[in-house]
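The numbers here are math on the coordinates, done by the rules we state, and not lab data. All values derive from a computational prediction rather than experimental measurement. Glycine gets a Cβ as well: all are built from the backbone with ideal geometry, and neighbour counts include every protein chain shown.
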Amino acid sequence: MVIVGAGVMGCSLAYHLARMGLRDIVVLDRGDIGRGATLACAGGVRAQFSTEINIRIGMEAKRMLRGFEKEIEDVRWLEPKQAATLVGGLEVTDLTGAVFCPSDGLAGPSEVTFGYADAARRFGVTIHENVPVTEFLIRGDRIEGVITPRGELQSERTVICAGPWAGQLGELTGIEIPVIPSKRNVFVSGALPAITPRTPMTIDFHTSFYFHPEGEGVLFGMSDPDQAPGFDVTVDWAFLDRIAGVARHRWPPLLEAPVKTAWAGLYELTPDSQPLVGPLPNRPGAWIAAGFSGHGFMMAPVIGRWLAEWMIRGQPAVDLAAFAPDRFAAGPSEPERNVV
Ligand SMILES: Cc1cc2nc3c(=O)[nH]c(=O)nc-3n(C[C@H](O)[C@H](O)[C@H](O)COP(=O)(O)OP(=O)(O)OC[C@H]3O[C@@H](n4cnc5c(N)ncnc54)[C@H](O)[C@@H]3O)c2cc1C
């Protein structure tokens, strides 16, 4: 088994496959482990989605990430005043309500990725860093392995876990993989009295402005609807002004925050903001787990395990038709609307 990509998804899949007894698993990454989209990830873990499958994944991810002892609490409806109590400084006069899930929270993207990578290695997985896949070994329609600058590797099954670069891998297989890279900026401030460790990750879904406590300060960001697709990850400092405009209306304390640092990473967008998980159409031997559209970190524990079970047992434990890589040919699909 070859897995292309050692981000959180590839590492989770490798770990779950190995843990279930599969041997001879190799993970290849063109760079270092966890340096793709995972490096930029803000670490949010949530069950607040618009589609049933993603709500289920969110719930299961939290259970797996936190070793859940207690029952998952359902998402609660809050009156605007209650939301303002929970998030100091939140402007709620124009809101009819808010939703809150006490067990939503944060986890460390690097910690989870390296946790899986290390555990996968303990189960016998080999991970080669700095080995890009430049071509696939293709016989007829069948993918029989990969070609790298260090040589060829034959495999019965090859899984594309290449995050925002999945479309490029698709080109190499001759199949269109509709994953569009799209830059997202993340900013982090120094100490800010308005935020406490108990302030929940807060999302203004109309604008996608979000923030959560980070050290003594706040981590925040927002999607830019005008962002052109591409692989550029230069921080767009001017975008701070756009965020400030939204914060002035929704959470004015942010305007006092001394911005300390920033980074940018790539979302991996699909047409319906749902991932592509399963066998690639018309390319036997090739599978994919990519296109997570900005929530792949929290999905990685669950998708890694479900996909591993599917590949080993021959069918998924849960119906993953919503994520079928060939679903767009069949007509409109149900999009996930709660994308930040
Ligand atoms: C700013 C930002 C904030 C985010 N916040 C959240 C959040 O709060 N919660 C959440 O759940 N998700 C969040 N996400 C999304 C999350 O980071 C991604 O969905 C997730 O990390 C995807 O993991 P992955 O393993 O599929 O992709 P990646 O981590 O990108 O891994 C793909 C790997 O494939 C490798 N690769 C690519 N091409 C090749 C090749 N040809 N050969 C070999 N290797 C190759 C890359 O080097 C990379 O390491 C955020 C993303 C960004 C950018």
Could you give the size of the charge dipole of the chain about its Cα centre, using +1 on the Cβ of each K and R and -1 on the Cβ of each D and E, expressed in debye and rounded to the nearest 20? 640
Label points 7 Å out from Cα along the Cβ direction at Arg23 and Arg242: separation in nm? 5.3
From a point 7 Å beyond the Cα of Phe231 in the direction of its Cβ, which residues of the range 259-289 have a backbone N at a distance under 13 Å? 266
Arranged by the count of other C-beta atoms within 10 angstrom, fewest first, what order do Glu79, Glu214, Glu309 take? Glu79, Glu309, Glu214
Would you kindly state how much longer the chain becomes between Leu86 and Gln315 on full extension, computed as 0.36 nm times their sequence separation minus their alpha carbon distance, in nm to one decimal? 78.1 nm
How large is ³J(HN,Hα) for each residue in the range 256-262, as worked out from phi by the Karplus curve 6.51 cos²θ - 1.76 cosθ + 1.60 (θ = phi - 60°), to whole Hz, x for Gly and Pro? 8, 6, x, 5, 9, 8, 7
State the extension gain, in nm to one decimal, for the chain segment bounded by Glu79 and Ala194, taking 0.36 nm per residue of separation less the distance between their alpha-carbons. 39.3 nm
Which FRET efficiency, nearest 0.05, do Gln154 and Asp224 yield, Cβ-Cβ r, R0 41 Å? 0.45
At the level of C-alpha centres, the distance separating the range 152-230 and the range 126-140, in angstrom, is 25
Under 1.5 on a/c is rounded, so check that first for the range 180-269, then, if it is not, pick prolate when a/b is larger than b/c and oblate when it is not; a ≥ b ≥ c are the square roots of the alpha carbon gyration tensor eigenvalues. prolate
Check every DSSP H run in the chain and write down those whose alpha carbon atoms cover 15 angstrom or more along the long axis and whose mean Kyte-Doolittle hydropathy is -0.5 or greater. 8-19, 52-66, 239-250, 296-313
Taking Lys and Arg as +1 and Asp and Glu as -1, residues besides Val125 with C-beta under 12 Å from its C-beta add up to +2
Can you give the local net charge around Leu22? Use residues other than it whose beta-carbon is closer than 15 angstrom to its beta-carbon, Lys and Arg +1, Asp and Glu -1. +4
Figure the gain on full extension for Asn282 and Glu111 (residue separation times 0.36 nm, minus the Cα-Cα span) and round it to one decimal in nm. 57.9 nm
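Just check the range 10-61 against the gyration tensor rule for me: Cα atoms, a ≥ b ≥ c as the square roots of the eigenvalues, rounded for a/c under 1.5, and otherwise prolate or oblate depending on whether a/b exceeds b/c.
oblate
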Distance in Å, no decimals, from the C-alpha centre of the range 11-25 to the one of the range 84-98 is 45
Taking a cut-off of 16 Å between Cα atoms, list the aspartates and glutamates near Lys183, but don't count ones fewer than 8 places away on the same chain. Asp224, Asp226, Asp232, Asp236, Glu268
What does the charge count around Pro316 come to, taking other residues whose C-beta lies under 12 Å from its C-beta (Lys +1, Arg +1, Asp -1, Glu -1)? 0
